[in-house]
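No lab work stands behind these numbers, since they all come straight from the coordinates. It should be emphasised that the depicted structure is a prediction, and the values quoted were computed from it without experimental measurement. All Cβ positions, glycine included, derive from the backbone under ideal geometry; neighbour counts span all protein chains shown.
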Amino acid sequence: MTWKRLSSEIEAHIEEKALDLIESGMPERDAWQKARREFGNATALTESSREVWGWTWLERLWQDIVYARRILTKSVGFTGIAVLSLALGVGANCAMFSLADTMLLRPLPVPRSGDVLSAGFISPQATAQTLRMSYPDYRDLREQSRSFSELAAFNLARVRFAKQLDAPVELRVGAVASGNFFAAMQVQPRLGRFFRPDEDEVPGRDAVMVLSHAFWEQQFGTDPSVLGRKVRVDGIDFTIVGVLAEEFTGADQWVRPDFYLPMMMSPRLGGGIQNPITRRDLRTFNVKGRLKAGVTLEQARAEAAVIGAALAKEYPETNRNYAVEIRSELQQRVEEGGRVPIVLAMMLVLAVAVLLVACANVAGLLTSRASARAREMSLRLAIGAGRGRLVRQLLTESMILALLGGLCGVAVGYGGVQIMKQIQVVADVPVALSFRLDERVLLYSLVAAMGSVFLFGLLPAMRTTRADLTGALRMGNSRSISQSGRPRLWTRNMLVVGQVALSMVLLTVATVMYLTFRRDLLAGPGFRADHVLMTTLDPSLVNYSDAQTRNLYKDLPERARTIPGVRSAALASGVPGGFTFESMAVVPENYEVTEGQRSLNIMGTRIDKNYFATLRVPIVQGRGFAVTDDANSRLVAVVNETAAEQYWPGQNPIGKRTRLGDAGSPWLEIIGVAKTGKYRFLMERPTPFLYIPFAQHPKAQMVLLLESAGDPASLAAPLRDIMRDLDPDLPTFGTRTLQQTFETGAVDPNLLIVQMSAAMGSMGVLLALSGLYGLIAFSVSTRRREIGIRMAVGAHKNNVLGMVLRQGLVLAGTGTVVGLFLSAGTARLLSAAFPSYEYSVVVYLIVVPAAFGVTMLAAFLPALRAAQVNPVLALRQD
Amino acid sequence: MTTNDRSLFPGALEMMILQTLRREPLHGYALAQIIKSNSGDLLQVEEGSLYPALQRMLKAGWVAADWGVSRRGRKVRIYKITAAGRKQLERKVSSFEQMLEGIARAMKAVRS
């Protein structure tokens, strides 16, 4: 039933009635009036007749869309600013969500990833500890627990890999995994099969391998004939039996092993020096699993507690005081994440603030538009349109804006993600930070856009369709002296004040971050990063005995010093900027350890006697290590200033002692205090640090540091020659300058955060600027008549200028004052999480003038325009 | 539709239309006239409200529409009752009469 037909049918009815009335003697005009009146609202009735057939909503939607498109393209300025504002707001959230996703939130690439839990044994002394388990404990837990459908163990394994029996050997990082690992992860092979249940039972028997998809691509060019091929790993021939699907990159958030080997093969790997699967005290395995259907986390935890207690009783030497802890993947990441979750949370909050400012813009724009269209709305109401219809149509316009804004926002977010991809991770394991815009980010962005526009579009829509007909129709669009004009400006004023205040908060955070970064960058890292070349060695990979290792590390620095251009050489187990420092347990003498803990954790490294000199780390008290501090002399240690202050406040730390390990482990004597420097991140707060002599605590994997007279990279080739002379089989890896390591590992991540907060600060100010501009421009446009009158009765141009600027001043000023309070509060919150940042008055000296000045600027252009108003034209227009 | 003491309960309009069309097919205006005159102005019906009702009944299959010519020679749509429509009318009338009887009895009981 088309509109036309129904409409003409109704017309015919009315016509017939009118004609009848005319025939009976009524004058023509009255007859038609009576006919129409007694019929009722023809348009509405036609509509309800059509509605019966049920397709009208679709037609209406299409009508609304066409109409909206026309309206939006007519006022390009309005549409442009609204879409741009939304784009910035949504884009910021998109980018920050991507960041949070990559760093923390992305679920494991397995089906029903929310069900995967991590389990480990931790001792009560540990603060945030990674969950690890020894293999015998894992075995026992798996056998005794009834809560898990599958419980699997795995660990990274750095091995020597050769594609063919005579191919060159590379160092690669794979994983050893229990036979049920793939079943626990619920993944399917892309090619071939996974481990059979019997292949993980007898130690050392079944040399089978499953490749990761990336490795298969890289090494074998996705050749399907790899199945059955033999490769050599650590001197053992392994048969490739399967290839993983592309999506499964591993059960770890960061590291992507190249291949998987059965757990039972691990005793034969790495030269068989340690037997990790028999030692109960070697807690190195990750254990992950899924609960059985119907079992809750609490039940699993309770059962695990019982099992843990039983094990502690049965094996007191290794398991005393160790308890089982089960965490979800997210909990695990937050626990292990250090400061990362807090920083991410801060970034997300900033992004939401930007979105709020953007929404305020859009709300202001919509409200201004709505009141400008009051006349149109009243007319339509008067001729019979339903209020719901009008509101629906306004909302359709808003939704189209939201859609456009959301899409542009995704584009902005994509740009942000591209910038974030610049972060590299300097590590010797295959870590991949894969920033990508996945569907969850897109969904999040679109929801943000739609939600905000719906929220801010509804209010103006409801307002303008109020049946205040005569007022709107009579006054037209100018609200110069009407009372109903003023209250409406109030909301927009509030919005702009809020925008200015919020953008000040954003600016404050950005300024604090920037000042801190600058301060720490200028202060320097506390050691010499330039002119140092580093390389890492791990002789345990080639089955060196303890004696051989000792000799290697005695010869190597001496040999290295013979290279022309080398000023000095040193050894260390970890370097700043990497992930290589160790977490050591200490019990300082006479220190009050908190209840329940048995020792403190401190970051530390093992160094030789040349370390302090080579890296130019100043010793402020006592001395560094000497050749006399060897395996036969008393145990010594050097702490940094922060550690000394923390453990022996106000006292002389020289001569004090600390245990290394928990109660019962040997005492170390403090013989020197080093200046506190930067260890993990440029912007970290002063952190306690411990140096112990490598000679007294040997380790297989060490870093060789060479101080160069000239370009450190030029030492790489001569160093390689020396290594080849010493032992051609001994691989070195991670050869780069210390500067590179420190910059990519410690500086760049902080720099990225600073840049992101600066970007959001600028966005906030930009949006507030446009909000203020829009409001003042709108106000001027509605006051043209008033301005015209003023000028006509003698006001000068400058008076008008001043009048408008005053309006801007009030808004900017109020916003700045409110913003100041908010900023101070924000700074306090920030300092709770990051106490070492720069919070001096300088921050406010920068932020307040910036915010105020920029927003006042926004009032200038409309003010100038107002002063140009030609009174004659203004008064003539209606 | 105005709601006052003389307004209709739902379904009443359809009932009256069906009853009127049972005698002869009519177009919209004529239908309105006849219903008005039959009820002797005791009921208030907005003329236009016939049309949505007619559409509903068209959809339900109780009436069918065809093009014809009015008394004045204007092209109009003429509605006639269908077999289903007649059945519907019977059902409606009987349930209406039952309702009336029930109310009458209840009122009598109260009064006495």
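Structural remarks
- Taking a ≥ b ≥ c as the square roots of the eigenvalues of the alpha carbon gyration tensor, the stretch A:46-101 is oblate, as a/c is not under 1.5 and a/b does not beat b/c.
- Taking label positions 7 Å along the Cα-Cβ direction at both B:Glu24 and A:Thr296, the computed distance is 7.8 nm, reported to one decimal.
- Relative to the compact-globule estimate of 2.2 N^0.38 Å, the Cα radius of gyration of the stretch A:139-201 comes out at 1.41.
- Rounded D (µm²/s) - the stretch A:271-314, Kirkwood Rh over Cα pairs, Stokes-Einstein at 4 °C, 1.567 mPa s: 99
- Amide hydrogen proximity for A:Thr735: with H placed 1.01 Å from N in the peptide plane, the residues at 5 or more positions away or on another chain lying under 5 Å are A:Thr536.
- Ranked list, fewest to most other Cβ atoms within 10 Å of each Cβ, for A:Ser770, A:Ser540: A:Ser540, A:Ser770
- Taken as Cα centroids, the stretch B:61-112 and the stretch A:337-364 sit 64 Å apart, rounded to the nearest whole angstrom.
- Chain B - mean residue ellipticity at 222 nm from DSSP helices (-39,500 (n - 2.57) per run, n ≥ 4, rounded to 500): -18500 deg cm²/dmol
- Separation of the B:Arg91 and A:Gln33 label points, Cα + 7 Å toward Cβ, nm: 4.7
- If you model the protein assembly as shown as an ellipsoid using its alpha carbon gyration tensor, with each semi-axis the square root of five times an eigenvalue, the axes come out at 78, 41, 25 Å, biggest first.
- Greater than 22 Å apart at Cα, pairs in A:Lys4/A:Lys74; A:Lys17/B:Lys92; B:Lys87/B:Lys108; A:Lys17/B:Lys36: A:Lys4/A:Lys74; A:Lys17/B:Lys92; B:Lys87/B:Lys108
- Prolate/oblate/rounded label for the stretch A:661-740 (Cα gyration tensor, a/c 1.5): oblate
- Partners of A:Lys675 within straight-line reach, counting lysines whose Cα lies under 22 Å from its Cα and excluding those fewer than 8 residues away in the same chain: A:Lys609, A:Lys656.
- Using R0 = 41 Å, the C-beta based FRET efficiency linking A:Ile342 and A:Leu443 works out to 0.95.
- Each of A:Arg112, A:Arg193 was scored by other Cβ atoms within 10 Å of its Cβ. Arranged with the fewest first, they read A:Arg112, A:Arg193.
- The share of alpha-carbon pairs in the stretch A:60-148 lying farther apart than 22 Å comes to 65%.
- If you bin all the Cα-Cα distances of the stretch A:345-450 at 5 Å, starting from zero, the percentages per bin are 2, 9, 14, 18, 14, 11, 9, 7, 6, 4, 2, 2, 1, 1, 0.
- Shape class for the stretch B:19-81: oblate, because the ratio a/c of the largest to smallest gyration tensor axis (alpha-carbon atoms, square roots of eigenvalues) is 1.5 or more and b/c is at least a/b.
- The stretch A:680-798 - Rg over Rh from alpha carbon coordinates, Kirkwood radius: 1.47
- FRET E, pair A:Asp223, A:Glu247, Förster distance 30 Å, beta-carbon r, rounded to 0.05: 0.90
- As a size descriptor, the averaged projected area of the C-alpha convex hull of the stretch A:741-878 was calculated at 10.7 nm².
- The base-10 log of I(q)/I(0) for the stretch A:1-146, evaluated at q = 0.09, 0.11, 0.16, 0.19 Å⁻¹, reads -0.69, -0.79, -1.05, -1.16 [Debye formula, identical scatterers on Cα atoms, solvent excluded].
- Those trypsin sites (Lys or Arg not before Pro) in the stretch A:194-241 that DSSP places in a loop and that have at most 16 other beta carbons within 10 Å: A:Arg205, A:Arg229
- Environment charge of A:Val295, counting only residues whose C-beta is closer than 14 Å and scoring Lys/Arg +1, Asp/Glu -1: 0
- Residue-span extension gain [A:Lys74 to A:Ala547] - 0.36 nm each, minus C-alpha spacing: 161.9 nm
- With the simple spin-label model, which puts each label point 7 Å out from Cα in the Cβ direction, the A:Arg616 to A:Arg720 separation comes to 2.9 nm.
- MRE, 222 nm, helices only [DSSP H, n ≥ 4, -39500 (n - 2.57), over chain A, to nearest 500]: -17000 deg cm²/dmol
- Using alpha carbons only, the radius of gyration of the stretch A:579-640 set against its Kirkwood radius gives Rg/Rh = 1.01.
- When the stretch A:307-375 is reduced to its Cα atoms, the Kirkwood hydrodynamic radius in Å: 17.2
- 10 Å-binned pair-distance histogram of the stretch A:1-73 (Cα, whole percent): 18, 34, 25, 17, 6, 0
- Restricting attention to chain A, close to 80% of DSSP beta bridges with both partner residues there are antiparallel.
- Likely footprinting exposure, A:Leu105, A:Leu719, fewest C-beta neighbours within 10 Å first: A:Leu105, A:Leu719
- Additional length obtainable on full extension of the chain from A:Phe579 to A:Phe860, 0.36 nm per residue less Cα span: 95.9 nm
- Within chain B, the proportion of C-alpha pairs whose separation exceeds 20 Å stands at 47%.
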